[in-house]
Structure formats: structure tokens, C-alpha cells
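Below: one structure, written as C-alpha cells.
The values are calculated or read from the model by the stated rules, or taken from the named source; none is laboratory data. Note that the coordinates shown come from a computational prediction; the quantities given were computed from them, not determined experimentally. Don't worry about glycine lacking a Cβ; one is built from the backbone with ideal geometry, like all the others, and counts go over all protein chains shown.
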Amino acid sequence: MINIKKLIKCIGIIIIILLIISLFSPTWTSHIKGDNSISALEQVEINGSSQEIMIRGKDKDNPVIIFVHGGPGCPEIPYADQYQDLLETNFTVVNYDQRASGKSYHFFEDYSNLSSDLLVEDLLAMTDYISERLGKEKIILIGHSYGTYIAMQAAYEAPEKYEAYIGIGQMSDTTESEIDSLNYSINQAQKAGNTDDVLFLQGLTEKIKNGDTFTPRNYVMKYGGASRLIDNPDGDNIGILFSSEYNLLDVIRYNFGLSFSQNTLLKEVLKNPLPTIVTDLKIPCYFIMGKYDYMTSSNAAKNYFDMIEANKKEFITFEQSAHYPQFEEKEKFYEWMCDTFIK
């Protein structure tokens, strides 16, 4: 009996030690070989708030991309290297955790003023910082999902800072997109014979048509409207924990930031959809949509694209993808980026 008690005590001590190590273990991004390469993971002061950035590329002289993550509150640093490894050969790629998201969520910071306008200001300040640090006059700006809501406004406000705007999983008229998501989920549930799902989703119809709520994302994901060729990477706590860029404390911050950011920011998207804010761009504009994307409806994005005025614009459909075409068909995305921006 004494031995068993000692064993339990030892196991408990080991578990506590492992938790402490997991909470505070150092984080890093893997090294890229090359005399002029860069692979940095660090906190920088941007617009009055400490924000996490990751900069990766084989040659700092290559064109620079700033990638604006979605959610709100879903940083992509923990899995970005899985889809941008090809990009890093010909581009320098900057990812950052937005204010109050992921490693940029600080427990004792006041986020009472968090808004999409503030995130746009942060992005413009981040652009200035990266332009100066890497010696670039202009940056390629990529937004993904909710990141398109922020990035497109930045491109509209300061087109002189950017070479082009690329919207992946582009947001558009929110109510139109959510109706598409709802109808898709209902149709797929009917095909699967899931009567309970059908009845629940049909019960949301009026609220969604009135622009009061979103189609529950767990149903969109369940029926293949989020990802087709990969597992959905956002919110994968185990996957995030096993990345070198995040430790257990960062995973905890990720979840706090996700909850806070969504509760704070999503109502703006319903109240002020992008077509009421941005109708023209003075830089090349590209929408890249997965054919099966029902997180941000490809059909609604195309309708928005058609109304945008730009001296150059292109709508590209990835036939095998849903909401993550840059990840699900990363070779195709890499080839398109090289064809478009590598002279």
C-alpha cells in the first residue's frame, strides 16, 4: 500500500512538472537555411500593443507578404508553415497574431476598445513596421476569412502601401453568405438523413435572413463546407500545442482571445458588411475562393467581386477546396502566386 501511495505521489509530481514545462517552455520557428534567409518569432510593439509576429523566407530580398488571419481570434502562426513552405522559397511571409488573439492576448491588457477599426489601424502600423524592417516600398496583402474584413479596409485606406490585395475565403454581404451557408447545411443534412440537424437548422432561418446571427459553424464544418482535403486547422488545440511556435500558456491565451474576439467583433460584421464599406480599390484585387466554401460563401463573394471597381481584378476558383484553398491546394496557390508576382 505504501509503495502504491509513493507511486501515485511520484506520478502526480511528474505531471505537475510536465505541466509547468508545457506552460512556460520556449517557443520558436524552425530555421531556414540561407545567407539571406529569415526565420523570426517575436513580440513587437505595434500601435501601442505588444503583438506576436512570425517572419519566414529563404531570401529577405524576395517580395514580402503580410498574411492577415481570420476568426476573429484564429491566428494561423501555429500551422502556417504547413501551407506556406513553398511560398517561403520565393516570398518572405509575415504572419502576426492580431491584438487580443493568440500570443497577442495579454491577460491584464485592457481590450475594451477592441474594434475592427482598431485592427485596421494595427495592420497599417504593422505594414509600416515590416516595410521599414525589410526595406520594401510595397507589400503584398493577403487576408483570410475574417482577415479579409480587416485587410480590405486597410487596402482601401492606404493603397500606396500595398502592391496588391488578395482575399482568400473572402467576406462579402454577410446575410447573403449566411443564407447560402444555412441552405447548404440543410441540404447536406437532408441527404445524410439527419432529421434532427435539419429541424434545428430550419429553426434558424428567420434569424439568419434578418441578419441577427450566423449559421452555426459546427454544422458547416460537419457537412464539408469548411475543409475538404485537410482537417480543419483552426481551433485544433492539440495541433496548436504540438507546434513549436506555441506552448500550453499560448494555447490558453488562444482560447481566451478567441472567445473574447468573437463576442466583441462578430456583431460588426453583421451590422456593417464589407459591401457597405469598400466598393473600389486602387490596387490589383484578387479573390481566391474554394468551390465548396460555405464558411464565407463563394457565390456571395462573386456577387461582391462583380460590384467592386478596380483597374485590375480577378476571381479565381479552386475546384477541390473549401475555406482553406491556400492550404488544401497549396501547390496550385504557390504556382499562382509565382505566376502573378514573380517577374
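Odds and ends about this structure:
- Only residues that are in a helix (DSSP H, G or I) and either touching a strand residue (DSSP E or B) at 6+ places or on another chain (Cβ under 7 Å) or closer than 23 Å to Tyr334 by Cα (or both) were counted across the range 294-322, and they come to 4.
- Hits in the range 1-56 - residues which are under 20 Å from the mean Cα position of the chain (by Cα) and modelled with pLDDT under 70: none
- Filter result for Gln98 (surrounded by fewer than 20 Cβ atoms within 10 Å (Cβ to Cβ), under 26 Å from Trp336 (Cβ atoms), within 16 Å of the chain's Cα centre (by Cα) and not acidic (Asp, Glu)): no
- Filter result for Tyr79 (under 16 Å from Leu258 (Cβ atoms), in a helix (DSSP H, G or I) and either in contact (Cβ under 8 Å) with a residue 40 or more places away in the chain or in contact with a Ser or Thr (Cβ under 7 Å, 6 or more places away or on another chain) (or both)): yes
- No other residue among Ile240, Ile288 is out of contact with any His (no Cβ under 6 Å at 6 or more places or on another chain) and under 21 Å from Lys103 (Cβ atoms) apart from Ile240.
- Of all the residues in the range 174-211, those that are among the hydroxyl-bearing types (Ser, Thr, Tyr) and under 26 Å from Ile277 (Cβ atoms) number 5.
- Those residues of the range 66-76 which are part of a strand (DSSP E or B) and either over 22 Å from Lys332 (Cα atoms) or more than 14 Å from the chain's Cα centre (by Cα) (or both), in sequence order: Cys74
- In the range 214-225 there is at least one residue that is farther than 25 Å from Ile77 by Cβ and polar (S, T, N, Q).
- Some residue of the range 254-272 being under 21 Å from His323 (Cβ atoms), over 17 Å from the mean Cα position of the chain (by Cα) and in contact (Cβ under 8 Å) with a residue 24 or more places away in the chain: yes
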